[in-house]
Amino acid sequence: MRAGQPQGMLSEGRTGMPKEANALSKYDEEHSEDEERWILPGKSLSEAVLVVVHTFADDDGTEFVRIISARRATKREKQAYHKRCQT
């Protein structure tokens, strides 16, 4: 994290959303009691593997993505991501 950067903010940008064609959202059944949550692993523009948790929201008929959290992937998540991308 850079000095002066807000805690929890990734240097990849405001949203931290992966910018990569192999990104594939997976439904997060375990944490979707109050709202549907999706887990999106993928690479950022700087090639960092990220995990973004998001939901879809609606504001007066306009659907948008609301980011719940974004972080760098753990070692295990990176391995699973790279394995998925090789197939």
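The values are calculated or read from the model by the stated rules, or taken from the named source; none is laboratory data. Everything numeric in this text was worked out from a predicted model, so none of it was measured. Methodologically, a virtual Cβ is constructed for each residue, glycine included, from the backbone with ideal geometry; neighbour enumeration extends over all protein chains shown. The area values use the complete protein model at the heavy-atom level, side chains included, leaving out ligands, DNA and RNA. Shrake-Rupley method; radii C 1.70, N 1.55, O 1.52, S 1.80 Å.
Remark: spin-label model distance Cys85-Tyr27 equals 2.7 nm, labels positioned 7 Å along the Cα→Cβ axis.
When you count the other C-beta atoms within 10 angstrom of each residue and take the mean per peptide, 63-69, 42-48 line up highest first as 42-48, 63-69.
Using a probe of 1.4 Å, the accessible surface attributed to Asp59 totals some 90 Å² when neighbouring protein chains are kept in position. Computed extension length for Thr74-Val53: 6.1 nm, one decimal, from 0.36 nm per residue of separation with the Cα-Cα distance subtracted. Bridgeable aspartates and glutamates around Lys83 (alpha carbons under 18 Å apart, same-chain partners fewer than 8 residues away excluded): Glu20, Glu47. Electrostatic bookkeeping for His31 treats Lys and Arg as +1 and Asp and Glu as -1; over the other residues with beta carbon under 15 Å from its beta carbon, the sum is -3.
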